[in-house]
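All of the numbers you see were taken from the coordinates with simple rules; none came from a lab. Because the structure is predicted, anything quoted here is derived from the model rather than measured. In this analysis, Cβ positions are derived from the backbone assuming ideal geometry, glycine residues included, and neighbour counts consider all displayed protein chains.
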Ligand code: ATP
């Protein structure tokens with residue numbers, strides 16, 4: 001579904017990613033792990049077109065998207081939920097969900113049908129459609145951000161640290177939703193610092209360190225790595 005090949009990317013004179021290659025197959029959940037500043041967000045921003053890669057190729061469903069603008073990539077089925085969630089805090093929950101259909105040009109009954117469908121996974125949103133998004137708790141905002149991304153029926157969902165800043169109970173709830181999305185067949189690239197829980201839901205994982213992939217493999221193998229245990233799992 002998504003292939004990144006030898007990506008070099010960064011900001012003005014700061015190169016962050018140094019020759020990163022990664023793939024996410026259809027229906028897979030792939031974890032992207034690494035410490036603060038390792039480059040997880042930069043990788044997701046590059047895949048979603050918010051930053052243009054300096055080198056390398058990016059393929060979505062086999063077609064080249066490297067260097068394409070973010071709106072174009074979103075319209076081709078890649079949805080990115082950034083850290084900080086990318087909501088419009090002054091707008092209602094319903095209007096935020098409507099914005100989620102924009103990239104796919106959804107209108108009328110198609111848009112309302114797509115919004116209705118997100119209530120299967122996020123029923124709590126349905127009772128609060130008129131509330132301002134900014135008034136929701138952190139956990140509810142994260143759920144809304146994912147629901148908003150789902151309105152466009154993406155082929156792949158990029159989640160940037162969805163559990164950050166949430167209390168443990170809400171973290172568990174976010175991971176439960178990710179499990180349900182996986183069960184529904186959604187393809188997900190999940191950047192996380194919550195390594196244990198990310199590996200429990202993911203099929204495979206990549207570990208980024210200073211902009212380079214230092215380890216990749218099935219989650220069970222990555223979880224058993226002595227380096228991962230020491231650096232991220234405190235074992
Ligand atoms: P975090 O958990 O902190 O988000 P991360 O693994 O996602 O970590 P990135 O956010 O990709 O890491 O940051 C990688 C490097 O790029 C860091 O050195 C960071 O300071 C730098 N960086 C991130 N965003 C920008 C920006 N907009 N402009 C310049 N440098 C940036």
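For beta carbons closer than 8 Å, sequence separation of 6+ or different chains, a first residue in region 189-212 that is touching a residue at least 40 places away in the same chain (Cβ under 8 Å) and closer than 19 Å to residue 9 by Cβ and a second that is part of a helix (DSSP H, G or I) and within 11 Å of the ligand (Cβ to nearest atom), the qualifying pairs are 189/44; 191/40; 191/41; 191/43; 191/44; 208/40; 208/43; 211/42. Condition first: touching a helix residue (DSSP H, G or I) at 6+ places or on another chain (Cβ under 7 Å), outside any loop (DSSP other than H, G, I, E, B) and within 13 Å of the ligand (Cβ to nearest atom). Can you find one or more residues in region 47-54 that meet it? No: region 47-54 contains no residue that is touching a helix residue (DSSP H, G or I) at 6+ places or on another chain (Cβ under 7 Å), outside any loop (DSSP other than H, G, I, E, B) and within 13 Å of the ligand (Cβ to nearest atom).
Within region 159-169, is there a residue that is out of contact with any helix residue (DSSP H, G or I) (no Cβ under 8 Å at 6 or more places or on another chain) and buried (at least 18 other Cβ atoms within 10 Å of the Cβ)? No: zero hits.
With within 16 Å of the ligand (Cβ to nearest atom), at positive phi and exposed (fewer than 15 other Cβ atoms within 10 Å of the Cβ) as the only criterion, which of 61, 19, 39 stands out?
The match here is 19.
Among strands (runs of 3 or more DSSP E) entirely within region 140-235, having at least 2 residues that are over 12 Å from the mean Cα position of the chain (by Cα) singles out 204-209, 212-218.
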